[in-house]
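Right, one structure below, let's go through it.
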Amino acid sequence: MKKGDQVINTRAAKILIIDDERDVVELLALTLQKKGYETIQAFDGPEAWEKTQSETPDLIILDLMLPDLDGWEICRMIRGNERKRIRETAILILSARAQHEDRIHGLELGADDYLTKPFSLTELMIRVDKILRKKQAICGLYEEVDQLRCKMQEQEVGLRKVIHDLKTPLLSMGASAKLLMRQSNREESLNFLKSIYENSLNLTRWLEELLLFSDSPFEGMMSEMREIEMPTLVKRTVDLLRASGRDKEIDIELRADSNLPPVFCNERWMQRALENLLSNALKYTPEGGKIEVGVSLSAEGESVEIAVKDNGIGIFAQDLSRIFEPFQRGLNASGEKGIGLGLSLVKEVVELHAGKIDVQSQPQKGSTFSIVLPIRKGSGEKGGEKVVKNFTKNLHSLNKMITEEN
Ligand code: ADP
């Protein structure tokens with residue numbers, strides 16, 4: 001046995017032997033008992049079904065040609081049963097029906113194995129042992145998954161508490177900065193206070209979004225889907241960030257095709273995604289740079305494309321494939337603050353809308369991020385569940401990060 005192999009005790013397993021030939025049942029019972037298994041017996045269909053339910057055996061050895069209720073039907077009833085314990089009973093079919101089609105049919109109905117009569121006792125024992133080992137290993141895995149799920153839920157509760165605790169001091173910082181802004185007339189202090197105020201607002205909003213996502217991300221997002229005029233939304237986002245652009249003397253140019261059809265989307269989250277792309281462009285473009293934002297119809301007329309192009313630091317080729325993953329940053333990004341979550345959020349939002357995101361970039365020359373969103377109404381519903389799963393995963397990574405930092 002290899003190091004780390006699980007030692008599974010299958011000897012205490014309970015086995016129900018179902019066959020209308022008494023000799024077969026007795027022989028099997030004796031052999032199995034000698035090996036340490038507990039056995040129960042049934043000689044017709046109804047008795048077999050009754051014992052399957054009352055005794056909940058780990059494995060049944062099932063003959064097919066039974067009086068009143070045949071083995072195929074029992075197999076079907078077990079696999080379709082509402083009780084998990086019964087549904088997961090291991091089944092070894094032991095039958096005189098040796099046709100290839102019978103075997104296939106048995107396995108298709110959910111039997112774990114199929115052995116034909118006449119049979120070798122040694123082979124049957126090996127198969128029984130194998131099935132039970134597999135079953136126990138699977139049960140062990142289920143238990144581990146349950147334990148992990150509980151642990152993750154506990155961690156999520158912890159994370160929600162941390163978020164709540166962080167929100168209060170942040171809000172009070174923002175409020176104090178606002179108060180001081182009213183009293184100060186020195187331009188330098190005003191700029192610092194403005195930055196404290198805006199950052200505390202941003203962080204509070206971000207924390208609120210995390211809370212929103214951990215409540216019921218998918219439902220919240222889907223209920224707010226409607227038809228949105230993209231040029232209007234993009235313009236609003238650009239206007240929001242224009243002031244930050246001016247601070248760095250970066251010009252933001254916006255070009256939008258006229259008469260674009262609306263896109264079915266969640267306005268709030270799409271704006272958040274666009275804000276992330278645009279603030280990245282501002283962050284990773286040195287003073288005096290240029291950003292161009294374009295909104296246009298795709299060549300086939302089936303989607304709207306939004307492109308954010310900058311002439312900033314660019315991204316190394318080896319970083320391009322991973323920057324959309326949570327907590328991944330480019331090798332040349334260390335000069336700017338960030339934790340590597342922005343683009344993963346953009347990707348999640350875009351995928352929720354059944355859209356695609358792409359990046360073209362050259363170091364020292366600049367980057368172009370493009371989002372392509374399908375126009376068809378309702379197409380954004382595809383992939384929603386995946387997004388929820390991914391976001392929950394990100395939330396857990398974030399939770400892990402916070403816990404590790406503590
Ligand atoms: P963050 O900016 O917090 O690091 P993001 O997820 O928004 O996280 O971005 C991931 C990485 O992608 C960044 O660290 C950076 O390396 C790269 N990146 C994103 N946008 C740009 C851009 N416009 N120009 C250059 N690099 C970028």
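The values are calculated or read from the model by the stated rules, or taken from the named source; none is laboratory data. Values in this document were obtained by computation on a predicted structure and should not be read as measured data. When we count neighbours, we look across all protein chains shown, and the Cβ atoms used for this are built from the backbone with ideal geometry, even at glycine.
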Self-check item: Number of the condition not met by Thr39 [criteria: (1) surrounded by 15 or more Cβ atoms within 10 Å (Cβ to Cβ); (2) under 36 Å from the mean Cα position of the chain (by Cα)]
Solution: (2)
Quiz item: Residues in the stretch 247-265 that are within 16 Å of the ligand (Cβ to nearest atom) and not acidic (Asp, Glu): how many?
Solution: 3
Practice problem: For Lys194, state whether it is at pLDDT below 90 and among the basic types (Lys, Arg). | Solution: yes
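Does the stretch 263-279 contain any residue that is assigned to a loop (DSSP other than H, G, I, E, B) and either acidic (Asp, Glu) or surrounded by fewer than 15 Cβ atoms within 10 Å (Cβ to Cβ) (or both)?
Within the stretch 263-279, not a single residue is assigned to a loop (DSSP other than H, G, I, E, B) and either acidic (Asp, Glu) or surrounded by fewer than 15 Cβ atoms within 10 Å (Cβ to Cβ) (or both).
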Quiz prompt | helices (runs of 4 or more DSSP H) wholly inside the stretch 62-146 containing at least 2 residues that are touching a helix residue (DSSP H, G or I) at 6+ places or on another chain (Cβ under 8 Å) and surrounded by 15 or more Cβ atoms within 10 Å (Cβ to Cβ) | solution = 71-79, 100-108
Practice problem: Quick one: in the stretch 300-318, of everything that is near the ligand (Cβ under 7 Å from one of its atoms) and in a loop (DSSP other than H, G, I, E, B), which residue is nearest to Ser367 (Cα to Cα)? | Solution: Gly314
Practice problem: Just give me the residues in the stretch 31-61 being among the charged types (D, E, K, R) and in a strand (DSSP E or B), in sequence order. | Solution: Glu38
Quiz item: Has the stretch 174-183 got at least one residue that is farther than 18 Å from Ala273 by Cα, outside any loop (DSSP other than H, G, I, E, B) and modelled with pLDDT of 90 or more?
Solution: yes
Quiz item: Going by the structure shown, is Val24 under 17 Å from Lys135 (Cβ atoms), surrounded by fewer than 20 Cβ atoms within 10 Å (Cβ to Cβ) and modelled with pLDDT under 95?
Solution: no
Quiz prompt | Matching residues, the stretch 324-337, being within 7 Å of the ligand (Cβ to nearest atom) and surrounded by 15 or more Cβ atoms within 10 Å (Cβ to Cβ) | solution = Gln328, Arg329, Gly330, Asn332, Ala333
Quiz item: If you take the residues in the stretch 351-386 that are among the aliphatic types (A, V, I, L, M) and either touching a Pro at 6+ places or on another chain (Cβ under 7 Å) or at pLDDT below 90 (or both), which one is surrounded by the most Cβ atoms within 10 Å (Cβ to Cβ)?
Solution: Leu352
Practice problem: Of all residues in the stretch 338-362, count the ones that are more than 24 Å from the chain's Cα centre (by Cα), touching a residue at least 12 places away in the same chain (Cβ under 8 Å) and more than 7 Å from the ligand (Cβ to nearest atom). | Solution: 1
Quiz item: Among all residue pairs at least 6 apart or on different chains, which show Cβ distances below 6 Å where the first residue, located in the stretch 286-313, is more than 16 Å from Glu275 (Cα to Cα) and the second is buried (at least 17 other Cβ atoms within 10 Å of the Cβ) and hydroxyl-bearing (Ser, Thr, Tyr)?
Solution: Gly312/Tyr284; Gly312/Thr285; Ile313/Tyr284
Quiz item: Where residues in the stretch 266-299 are charged (D, E, K, R) and more than 13 Å from the ligand (Cβ to nearest atom), which of them is farthest from Gly342 (Cα to Cα)?
Solution: Glu287
Quiz prompt | Condition broken by Glu351, with the remaining ones in (1) within 19 Å of Trp206 (Cβ to Cβ); (2) outside any loop (DSSP other than H, G, I, E, B) satisfied | solution = (1)
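Suppose the filter is modelled with pLDDT of 90 or more, within 25 Å of Ser258 (Cβ to Cβ) and away from the ligand (no atom under 11 Å from the Cβ); does Ser321 pass it? Write out each step before concluding.
On the way: modelled with pLDDT of 90 or more: yes; within 25 Å of Ser258 (Cβ to Cβ): no; away from the ligand (no atom under 11 Å from the Cβ): yes.
Judged against the criteria, Ser321 is not a match.
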Exercise. Mind telling me which of the residues Phe218, Phe264 ends up being at pLDDT 85 or above, of a type in the set (Phe, Trp, Tyr) and over 17 Å from Glu275 (Cβ atoms)?
Key: Phe264
